[in-house]
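One structure is given below, encoded as structure tokens.
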């Protein structure tokens, strides 16, 4: 492993010939700085060449060549990842899918949509809604590609009711590391025909195969959506209410928690006031359904329950304008926190949802123990917390020390609560040590064995996920 | 592969010592004939020893020993499979999980239930309903174990709305072929922490690991259930209506199709008349929800649509008694058809749901072409058809010839319609040649590579699924 061929002029000539369009092949100084890192930027490395592909056949031809020549290949969508999955840490070839952005088919009889990997999440959502359909996964980053979403098994806000990306991928076309094009799954609702290779590709962060087409499952678009913004006297009281909501068997579409300090970051970032000021801690809930009555019955029950549990108020948001101001604030949290400090790193742990409070309290106290600022928000309804560790004015050395210390302690706590390292952002390059520590040795052995079966020459996005 | 050690007295003594209870270890003549085959009986072979295990630790100790000694091990639940997955084709050790039948925990805060693999589907369903929860997967065979259901990714009638077993398995405890006990997944709603080993185990028919515990996701129990029995002038008209129902965006819980001849088999088998006689072809639909009004709106729409499409009538079943008489008949189809002939074999193909009619017409015509009786029924709403090829009074030789011929043609047609070999019964031993033919070579290579990573000595349920 690791004995890769360094890209030379002959390789570049071969690639240019395959693509037949100079503008889609970037070399040397033509490679934009953006291609050397992802959204968080902690992992940084330049590819030797960037190819903006237009078809599975192009990818297949390049993979075949890379396989023969033992040149590493890194797949890339919009580069909105947070853990370095789409960074070419071994240099070589980067394949950018952003031009493969066509919706290929909307099949109303089978409730499926077939798309290329470079379609953006926001484009997909808009397209299906126009046709009165619904693609439920709703990660915060709307400019991510669907290929990237599948590669990290992105979750998002609606997971409480609707599940995650995995639950909506019915079939995949994939280019294997040896260049062969194959299919996993299809337009079938059930499947027990051999091992589930499709789900192995989902969440594998571009290390097992290159996704070139996806058949996604759609639902009818819910006709009515209503949100509740519920201020609580303390964050603890807010989060303690979540298991009670779940136990009440009213299943909201989303249950998010938020704190005043993060809301203030969002207000500053958006230049817009948040619709409520009465508290430091909120739950934000969403309900959807086909009629106002249907939703009303459920949210009435939840509103009463929250008040019984000590909520200060229940603010109903049933106009599009109010809806937008609430969820826009929520959607801006990551960027807003990023804008409030000099640099940051993140933890995307997931714990059983009745342990969220323990985790949030732990994060709060940790700020003192480690002497570093930590901001968090997240999906209270599914146990997926996003914690951001902030550099502020710390020296590089102090930052590195305290951040590592905080991160190790957070992951250890998550493990203790029977959680997992990543709920939706993946492992990539940055989170490998924490994955290794959190999983049984046998699981790591199996993952690396599987990687070797798919990619015996270790050329596709090497040294990511479970690979040292 | 295949150089297994033949079980000797020393091995038997070792196993008896591990188990410490003579009654849970069956050898030689004490092995009931039932253990030599599954429900369909086409694959037949005796194990040398049957062990009725009580814990993961027992399984681990036996697997470790079998691994050292290279003795094949076959996992078995209730033996209700249809493709020979739980038959010890290489003899050796059979591990029967039927005594591992405890519900370990109902966690209302996380909406999960943790069970041992030997819990029967009907026991699980009754247990959760008592507690006002709902485990949606609903395969016809209620006396299957949950371990078996997970191993074949069983689907069942409610897949149209609720998905299949895979969608309800959050975490698994598994004994690996080398005897190590490990965990995949857990009580977390989202997970992007390395490759998805959990979903690889689901549907792998006991060839990659031995399931010893499962954490399952529950839903609130829908408060109201209503069924519609809809007679059509022809089966074609009935099935043609299904994509229209899907397109109308009313999502029923179940959409089944049935024909008079199968209904008559069920009447005879149950000794009870079916509630309607006016037609040869029916759709049976189920709707669920939390209020009568909510369901009414949807089923009204569907009823109108069916009448517009030429349905003869719409019979509403809204009493428990009627519900039971309808679904009991549907549930008895497999046994009823089995009782109507001397022997049979089955095809469990799945096709995109808008291709069901083509398949049903093909099956109908095939009876003449091949000169053999074929009965079918199935899940029109999810494209999963069950076709039964009947031996009747054919000689063994003629049966073998015509059955093989019919089967090959059916699978070829399913492939042409972009379907898959199995929707929910799995591949096991009996369907291997058809799986091999239907999948790209690369997929088979990957599956066998994965098998080798999990089970380098090929001792756990060998020569099943994708393995020659």
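A few points about this structure:
- Estimated D of segment A:341-426 in µm² per second, where Rh is the Kirkwood radius over Cα pairs and Stokes-Einstein applies at 20 °C, 1.002 mPa s: 168 µm²/s
- Acute angle (nearest 10 degrees) that the helix B:356-370 long axis makes with the longest principal axis of chain B, alpha-carbon atoms: 80 degrees
- Where both bridge residues fall in chain A, DSSP classifies roughly 85% of the beta bridges as antiparallel.
- Kirkwood-based Rg to Rh ratio, segment B:3-129, C-alpha trace: 1.02
- Once the Cα atoms are used to define both axes, helix A:396-416 deviates from the longest principal axis of chain A by about 70 degrees.
- Over the Cα atoms of segment A:323-468, the radius of gyration divided by the Kirkwood radius equals 1.01; this is the Rg/Rh ratio.
- Placing a label point 7 Å from Cα along the Cα-to-Cβ axis, residue A:46 is separated from the same position in the other copies by 7.3 nm, shortest listed first.
- Label-point spacing for residue B:441 across the identical copies (point 7 Å from Cα in the Cβ direction), in nm and ascending order: 3.9.
- Using bins of 10 Å that start at zero, the share of Cα-Cα pairs per bin across segment A:426-468 amounts to 31, 56, 13, in whole %.
- Among chain A residues, the one whose Cβ is nearest the axis of the rotation from A to B, given with its distance rounded to whole Å, is A:199, 2.
- Value of relative contact order over segment A:341-426, rounded to a whole percent, pairs C-alpha under 8 Å and six or more apart: 45 percent
- Cα gyration tensor shape of segment B:279-380, rounded if a/c is under 1.5, else prolate or oblate by comparing a/b with b/c: prolate
- The overall shape of segment B:57-98, judged from the alpha-carbon gyration tensor, is oblate: a/c is not under 1.5, and a/b is no greater than b/c.
- C-alpha long axis of helix B:260-270 to longest principal axis of chain B, angle in °: 60 degrees
- Prolate/oblate/rounded call for segment A:83-162, Cα gyration tensor, a/c under 1.5 rounded: oblate
- The equivalent ellipsoid of segment A:103-220 has semi-axes of 21, 16, 14 Å, largest first, where each one is the square root of 5 times an eigenvalue of the Cα gyration tensor.
- Over the Cα atoms of segment A:198-267, the radius of gyration divided by the Kirkwood radius equals 1.13; this is the Rg/Rh ratio.
- With both labels modelled 7 Å from their Cα along Cα-to-Cβ, the residue B:267 to residue A:321 distance reads 6.5 nm.
- Once the Kirkwood radius over Cα pairs is known for chain B, the Stokes-Einstein relation at 37 °C and 0.692 mPa s delivers a diffusion coefficient of 142 µm²/s.
- Across the identical copies, how the residue B:104 labels are spaced - nm, sorted shortest first, 7 Å along Cα→Cβ: 4.2
- 222 nm mean residue ellipticity, helices alone, for chain B (DSSP H n ≥ 4; -39,500 (n - 2.57); rounded to 500): -11000 deg cm²/dmol
- Of the beta bridges in segment B:103-220, as assigned by DSSP with both residues counted there, near 95 percent are antiparallel.
- A convex hull fitted around the alpha carbon atoms of the protein assembly as shown yields 172 Å³ per residue.
Each reported figure results from applying straightforward, stated rules to the coordinates on display, with no laboratory input. Nothing here was measured: the structure is a model prediction, and the numbers come from that model. Because the Cβ atoms are built from the backbone with ideal geometry, glycine has one as well, and the counts that use them run over all protein chains shown.
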